[in-house]
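Take a look at the structure set out below.
Nothing in this text is a laboratory measurement; each read-out follows from the coordinates by a stated rule. Being a predicted model, the structure only gives us computed values, none of them experimental. When we count neighbours, we look across all protein chains shown, and the Cβ atoms used for this are built from the backbone with ideal geometry, even at glycine.
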Amino acid sequence: MNISNGVYLVIDPSMKRDELIEKVTAATSAGLAAVQVWDNLSQVENANKLFVKLSEITRLNNTPFIINNRVDLLNSHPFDGIHFDDIPKPDVVNQLPDNCIKGITCNNDLSVISWAIDNHFDYISFCSVFPSSTSNSCELVSFDSIRQARAMTNMPIFLAGGINSETVQKLKTLDFNGVAVVSGIMDADDIEKAINEYTEAIK
């Protein structure tokens, strides 16, 4: 399975389960590049059952199902890949399955991109492009860094942080493959409409 262009949805597994499943179902039906489970798992009861259900939903639409950081869950649960917030230790990378989708968050430090290229990662995600309540631990990324990244690699580039229906219009001068979104999708009254609007804006 490969990651495609478009909207990359990040979900919080600690939200109300029925609501989460309903929203993910609607989102994957509208078409997504991937669904990533944020590693906020300390308060999640019976996480394995949730992962199985979410994987069933994503597989119906051939959507990659990705776990954030937790290598220990990758091999024992139905995930298609893993996304790292920081560069992992070499022994961690060496134990990843060959067919695993691998992504990493990057910022203005282009050495992270060089590392991702050298380690044959599948995509990178810049955070944070704009100020965001859900990406408040990330420094703001300059557009020049994104342009330099594209000059360095053809791998898919996703942009995250503060991207909504207004700010996405400011990205038109950049060459990228998709946007990583949390609240812009999960808080939308009409999820399918929201995804379609993002998809049209980034074409």
Would you mind telling me which residue in ALA151, ALA30, ALA47 has the biggest mean-square fluctuation in a Gaussian network model of the chain, where springs connect alpha carbons within a distance under 10 angstrom?
-> ALA151
Have a look at ASN68, ASN94, ASN40 and tell me which one the Gaussian network model of the chain (Cα, springs below 10 Å) gives the largest fluctuation.
-> ASN94
State, as an integer percentage, the relative contact order of the range 66-203 based on alpha-carbon contacts under 8 Å between residues 6 or more apart.
-> 16 percent
To the nearest Å, what is the center-to-center distance of the range 1-30 and the range 85-153, using C-alpha atoms only?
-> 21 Å
Subtract the Cα-Cα distance of SER29 and MET152 from 0.36 nm times their separation in residues, and report this length gain in nm to one decimal.
-> 40.9 nm
On the formula 1/(1 + (r/R0)^6), with r taken between the Cβ atoms of LYS16 and GLU200 and R0 of 25 Å, the FRET efficiency rounded to 0.05 is 0.25
Residues ILE87, ILE113 arranged by fewest to most Cβ contacts within 10 Å = ILE87, ILE113
Can you figure out the FRET efficiency of LEU174 with ASN2, using R₀ = 22 Å and their beta-carbon distance, to the nearest 0.05?
-> 0.50
Area projected by the alpha carbon convex hull of the chain, averaged over all directions, nm² = 10.5 nm²
If only Cα atoms are counted, what is the Rg of the range 139-197, and what is its Dmax, in Å?
-> 12.5, 39
For ASP85 and ASN164, FRET efficiency with R0 = 22 Å and r from the beta-carbon atoms, rounded to 0.05?
-> 0.50
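Would you mind checking the pairs LYS16/LYS89; LYS49/LYS102; LYS102/LYS203; LYS23/LYS172; LYS16/LYS193 and listing those with alpha carbons more than 30 angstrom apart?
Among LYS16/LYS89; LYS49/LYS102; LYS102/LYS203; LYS23/LYS172; LYS16/LYS193, the Cα-Cα distance tops 30 Å for LYS16/LYS89.
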